[in-house]
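Below is one structure, written out as structure tokens; comments come after it.
The values are calculated or read from the model by the stated rules, or taken from the named source; none is laboratory data. Owing to the predicted nature of the structure, the values given are computational and were not obtained by experimental measurement. A quick note on method: Cβ atoms are made from the backbone with ideal geometry, for glycine too, and the neighbour counts reach across all protein chains shown. The area values use the complete protein model at the heavy-atom level, side chains included, leaving out ligands, DNA and RNA. Shrake-Rupley method; radii C 1.70, N 1.55, O 1.52, S 1.80 Å.
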Amino acid sequence: MTKYVFVTGGVVSSLGKGITAASLGRLLRSRGLRVVNQKLDPYINVDPGTMNPFQHGEVFVTDDGGETDLDLGHYERFTGEALRRGSNVTAGSIYLSVIQKERRGDYLGDTVQVIPHVTNEIKARMRKLGGDDIDVVITEVGGTVGDIESLPFLEAIRQFGNDIGRANALYIHVTLVPFIASSDELKTKPTQHSVAELRSHGIHPDVIVVRSDRAIDDQVRRKISLFCDVVPKAVIAAPDAADIYEVPLLLQQGGLDAVVCERLDLVTGPIDLTKWQAMVKRAKAATESVTIGIVGKYVDLPDAYLSVVESLRHAAAALDRRLDLRWIPSEDMSGLLADAHLEGVEGIVIPGGFGSRGVEGKILAIRYARENGIPFLGLCLGLQCAVIEIARSVLKHPDANSTEFDPTTPHPVIDLMETQHDLSEMGGTMRLGRYPAKLEEGSLVRKLYGQEIVYERHRHRWEVNNRYRRDLEAAGMRLSGMSPDENLVEFIELIDHPFFVATQAHPEFQSRPDDPHPLFVGLVGAAVGLRARQGELDEIDQPTRQ
Ligand code: GLN
């Protein structure tokens with residue numbers, strides 16, 4: 001039978017609850033258990049797909065086209081498991097189905113209420129993730145205990161524990177123990193209050209994960225154990241880590257997986273974290289850096305590009321480099337400024353995006369990369385901008401554009417293709433989720449992936465306009481990956497350039513710290529190569545300079 005672990009958070013938000021849930025997933029998987037992670041989000045949006053990345057960070061896309069909370073990205077990266085849309089449940093999606101059922105008459109005239117109708121719907125979503133092939137479901141409740149919005153979720157997880165039997169459910173509460181400099185002390189009072197609040201909702205935590213900026217000593221542990229009524233070994237220290245991928249190792253040392261397995265009576269083999277440990281060690285050991293610029297619209301909120309950043313970190317670590325990331329606001333870029341902004345970057349990434357703001361800056365950055373032989377990787381909108389750039393500079397169509405940005409452009413090199421999109425409805429109307437692509441023999445992407453058929457996740461409406469394919473090829477662009485029916489351009493690259501690759505997909509969703517994505521490894525590898533080449537050039541230049 002599937003066991004359930006519930007993760008709640010207290011005291012303050014942004015405590016790293018998601019990383020804790022993801023890390024526990026890693027630890028249980030490394031003990032050989034079959035685990036699936038889930039996130040319950042208290043907001044009313046039906047999914048995060050329509051939310052502004054400035055507010056909420058990146059929208060993470062699953063294989064089955066779910067537009068989900070960025071915590072699912074952490075879950076996938078830590079556990080190595082591809083999740084499905086059912087792993088993200090928002091209050092909006094719960095209310096939507098309850099109201100749809102009410103309209104259909106499914107409730108047979110009942111007064112529809114938060115308890116039991118809303119809570120039953122939440123419980124059904126949790127139950128759905130369990131099954132014969134799953135040992136543990138780890139469900140994280142978004143928000144902080146005490147928020148009005150999360151009440152139905154807390155009530156649902158409380159009831160669920162009774163439904164499946166308390167021996168099969170475990171509650172973890174993640175709290176903060178702040179250090180007060182004036183008294184030189186770590187304070188447990190906020191944790192006590194937060195646990196009291198949780199208990200007022202009928203949830204008695206089994207484990208408390210203590211976030212702090214330093215190690216906690218035995219006295220603090222005993223105090224939390226006494227006041228919060230958990231056994232001392234179930235008070236797990238989670239001090240700040242230099243690298244998020246170190247967190248599973250710290251929690252394992254603190255005994256988290258042991259306590260969870262014991263309490264849920266999960267019999268497993270010994271834990272094997274050898275590969276993970278080696279990955280963390282390698283990333284830490286890197287001293288030489290590589291400078292990569294991300295040119296984007298949402299650079300003030302780096303979480304908007306979370307998976308891209310993580311993918312770059314994975315690739316850099318795999319090549320024994322420390323990632324020196326440069327955020328370049330695309331809106332500030334114009335003409336000569338582009339050169340100033342981009343000077344010294346060894347690789348450029350243009351990530352995905354929507355709307356025309358900042359697009360011209362991205363196009364300038366691509367031109368800079370193309371003309372100066374700087375390694376470039378374009379992701380989704382990044383591919384579209386690269387096609388526009390080549391159409392303008394090489395095909396000499398100065399008005400070339402995407403119809404997303406200029407609906408009346410005489411040269412719509414990026415346009416809506418085949419599928420008729422209903423633009424009146426913004427939620428879930430894109431090409432979403434996992435699609436195959438066929439890579440051309442002899443192309444750079446084929447070499448990088450080492451495979452002919454590859455699967456990547458998508459989230460976009462616009463595509464390369466097939467009418468311009470021949471012209472683009474004549475301009476030196478290789479259409480190196482196509483949909484299997486040859487109808488949609490999936491990958492492009494430039495022949496006369498050290499590394500100029502773009503994809504209509506979002507490969508960043510599939511990079512893992514212990515299995516970095518080939519396109520990012522390719523970019524970072526080319527960036528490292530650029531420095532080496534420039535070094536050689538400097539040496540050759542030396543005598544003439546003197
Ligand atoms: N705005 C573009 C489109 O919808 C690109 C989307 C993206 O980069 N994810 O096609």
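Provide the per residue accessible area, probe 1.4 Å, for the chain, rounded to a whole number of square angstrom.
Accessible area per residue: 42 Å².
For the chain, the Cβ-based charge dipole about the Cα centre amounts to some 1160 debye (Lys, Arg positive; Asp, Glu negative; other atoms uncharged). Ranked by the mean number of other Cβ atoms within 10 Å of their residues, highest first, the peptides 309-315, 100-106 come out as 309-315, 100-106.
Here segment 466-528 exposes an accessible surface that is 44 percent carbon and sulfur, computed with a 1.4 Å probe and the other protein chains kept in place.
Quick check: the distance between the Cα centres of segment 220-261 and segment 67-102, to the nearest angstrom? Answer, in whole Å: 27.
The packing ranking of peptides 338-351, 450-463, highest mean first, is 338-351, 450-463, where packing means the average number of other beta carbon atoms within 10 angstrom of each residue. The portion of the accessible surface of segment 33-145 made up by carbon and sulfur, rounded to a whole percent, is 50 (1.4 Å probe; DNA, RNA and ligands excluded). Taking the charge dipole of the chain about its Cα centre, with +1 at Lys and Arg Cβ atoms and -1 at Asp and Glu Cβ atoms, the residue from Ser480, Tyr368, Thr139 reaching farthest to the positive side is Thr139.
Rounded to the nearest whole Å³, what is the per residue volume of the convex hull around the Cα atoms of segment 176-254? Show your work: numbers first, answer last.
Working: hull volume 7.3 nm³, N = 79.
Here the figure is 92 Å³ per residue.
Place +1 on the Cβ of every Lys and Arg and -1 on the Cβ of every Asp and Glu in segment 235-293, take the dipole about the Cα centre, and give the residue among Pro270, Ala238, Val259 whose Cα lies farthest towards its positive end. Final value for the positive-end residue is Pro270.
Work through the residues other than Ile180 whose Cβ is under 13 Å from its Cβ and net out their charges, Lys, Arg +1 and Asp, Glu -1.
Local charge sum for Ile180: 0.
Using just its DSSP H runs of length 4 or more, each adding -39500 (n - 2.57), the chain gives a mean residue ellipticity at 222 nm of -11500 deg cm²/dmol after division by all residues. Rounded to the nearest 20 debye, the dipole size of segment 295-413 about its Cα centre is 220 debye, using +1 on the Cβ of Lys and Arg and -1 on the Cβ of Asp and Glu. Annotation for segment 494-531 versus segment 147-173: alpha-carbon center distance of 43 Å.
Assuming R0 = 25 Å, can you tell me the calculated FRET efficiency for the pair Thr403 and Ala475, based on Cβ-Cβ distance, to the nearest 0.05? With a Förster radius of 25 Å, E is 0.80.
Counting only DSSP beta bridges with both residues in the chain, the antiparallel share comes to about 30 percent.
If you roll a 1.4 angstrom probe over the protein chains with everything in place, what fraction of the accessible area of segment 213-310 belongs to carbon and sulfur, to the nearest %? Within segment 213-310, the accessible surface is 52 percent carbon and sulfur.
What does the convex hull of the alpha-carbon atoms of segment 1-143 project to on average, in nm²? Walk me through the intermediate numbers first.
On the way: hull surface 38.3 nm².
Spelled out: convex hull of the Cα atoms, projected over all directions, averaged, 9.6 nm².
Taking the charge dipole of segment 1-111 about its Cα centre, with +1 at Lys and Arg Cβ atoms and -1 at Asp and Glu Cβ atoms, the residue from Gly16, Pro53, Gly109 reaching farthest to the positive side is Gly16. Within segment 52-126, the proportion of Cα pairs with more than 21 Å between them is 41 percent. Over all Cα atoms in the chain, the spread is summed up by Rg and Dmax: 25.3, 91 Å.
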